[in-house]
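Below is one structure; the comments refer to it alone.
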Amino acid sequence: MDLRYGMVLPCFTDMHTHIDKGHIWPRQPNPDGTFTGALQAVRADTVAHWSANDVETRMEFSLNCAYAHGTQLLRTHIDSAAPQHRISFEVFAKLRARWQGRIALQAAALFPLDAIFDDSYFNDLLRVLVEHQCLLGGVTQMGPDLIAQLDKLFSSAKAHNLDIDLHVDETAAQEARTLEVIAEASLRHKFKGSVTVGHCCSLAQQSDADIRSIIAKVADAGLQVVSLP
């Protein structure tokens with residue numbers, strides 16, 4: 001093929017996206033430009049609009065854009081509060097089949113880990129993830145129940161043969177150190193699956209000695225890091 005002195009580069013892998021909640025700005029803008037404002041806008045939009053047709057339309061547009069710009073693998077986190085998990089993962093499965101051969105699609109559940117002790121909800125979420133061959137995810141927060149939450153997360157992932165992809169320390173607060181607790185949990189459970197940790201922002205706020213210690217644990221546990229500001 002004559003490239004006329006052009007370059008051939010590998011296609012993109014986009015490892016941390018949220019295509020289920022993209023492209024809502026025209027109808028539900030962030031009122032103040034803050035992280036909290038964005039979360040509130042998404043919550044309001046979810047209640048008002050997130051039917052299967054709406055989610056599919058916006059996700060399809062995202063995938064067309066990604067494909068046009070050379071993406072060959074895309075992982076999206078799916079907002080998974082009930083009953084949305086039942087709607088959005090069905091849509092995702094349909095799109096994954098439709099885009100097969102163009103973009104390889106992966107999806108991870110996204111929910112606050114304090115909901116993990118709601119057995120009715122969490123067991124249903126696990127059924128959905130197993131059915132659609134997706135990843136177990138969630139948002140970790142510092143608190144007295146964090147170790148117990150992670151123990152249930154890792155034991156459930158092992159029992160159902162699920163990989164894990166978590167939102168971790170998405171803050172500049174120095175006291176946020178869930179990354180270290182996740183690494184310890186993975187080692188404690190001798191977890192053999194893939195564990196991805198996204199964001200990890202507050203690591204930069206730790207002392208040099210603590211940074212070295214935490215990174216060593218992350219390496220020992222074999223965690224895969226997707227750093228995001």
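The values are calculated or read from the model by the stated rules, or taken from the named source; none is laboratory data. Keep in mind that this is a model prediction, so the values were computed, not measured. All Cβ positions, even for glycine, are placed from backbone atoms using ideal geometry, and neighbour counts span all protein chains on display. Protein only, heavy atoms only, side chains kept; ligands, DNA and RNA dropped before computing areas. Shrake-Rupley method; radii C 1.70, N 1.55, O 1.52, S 1.80 Å.
Numbers at a glance
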| quantity | calculated |
| --- | --- |
| Tally, over region 105-121, of residues that are touching a Phe, Trp or Tyr at 6+ places or on another chain (Cβ under 9 Å) and farther than 18 Å from H189 by Cβ | 6 |
| Single match in S213, S194, S227 (criterion: at pLDDT 95 or above, more than 16 Å from L110 (Cβ to Cβ), in contact with a strand residue (DSSP E or B) (Cβ under 8 Å, 6 or more places away or on another chain) and surrounded by fewer than 18 Cβ atoms within 10 Å (Cβ to Cβ)) | S194 |
| Residue selected from region 41-83 under the condition of a type in the set (D, E, K, R) and without any contact (Cβ under 8 Å) to a residue 24 or more places away in the chain, by the criterion surrounded by the most Cβ atoms within 10 Å (Cβ to Cβ) | D54 |
| Residue match in region 102-124 (condition: touching a strand residue (DSSP E or B) at 6+ places or on another chain (Cβ under 8 Å) and polar (S, T, N, Q)) | yes |
| Residues located in region 122-155, provided they are farther than 12 Å from A185 by Cβ, open to solvent by less than 30 Å² (accessible area, probe 1.4 Å) and either hydrophobic (A, V, I, L, M, F, W, C) or free of Cβ contacts under 8 Å to residues at least 40 places away in the same chain (or both) | F122, L125, L126, V128, L129, C134, L135, L136, G138 |
| Selection within region 1-22 - part of a loop (DSSP other than H, G, I, E, B) and open to solvent by less than 100 Å² (accessible area, probe 1.4 Å) | L3, G6, C11, H18, I19, D20, K21, G22 |
| Output for region 111-121, where each listed residue is touching a residue at least 24 places away in the same chain (Cβ under 8 Å) and surrounded by fewer than 22 Cβ atoms within 10 Å (Cβ to Cβ) | P112, D114, A115, I116, F117, Y121 |
| Unmet requirement for G37, which otherwise passes all of (1) outside any helix (DSSP H, G or I); (2) over 17 Å from the mean Cα position of the chain (by Cα); (3) closer than 27 Å to T178 by Cβ; (4) small (G, A, S) | (1) |
| Test: residue in region 161-174 that is closer than 29 Å to F92 by Cα, loosely packed, with under 13 Cβ neighbours inside 10 Å and within 18 Å of the chain's Cα centre (by Cα) | yes |
| Residue match in region 190-198 (condition: more than 25 Å from T76 (Cβ to Cβ), of a type in the set (A, V, I, L, M, F, W, C) and assigned to a loop (DSSP other than H, G, I, E, B)) | no |
| Residue among L39, L73, L9 that is closer than 26 Å to L166 by Cβ, modelled with pLDDT under 95 and aliphatic (A, V, I, L, M) | L39 |
| Residue within region 84-93 that is touching a Lys or Arg at 6+ places or on another chain (Cβ under 8 Å) and either open to solvent by 50 Å² or more (accessible area, probe 1.4 Å) or more than 30 Å from L9 (Cα to Cα) (or both) present | no |
| Output for region 1-24, where each listed residue is under 22 Å from S80 (Cβ atoms), free of Cβ contacts under 8 Å to residues at least 40 places away in the same chain and of a type in the set (A, V, I, L, M, F, W, C) | I24 |
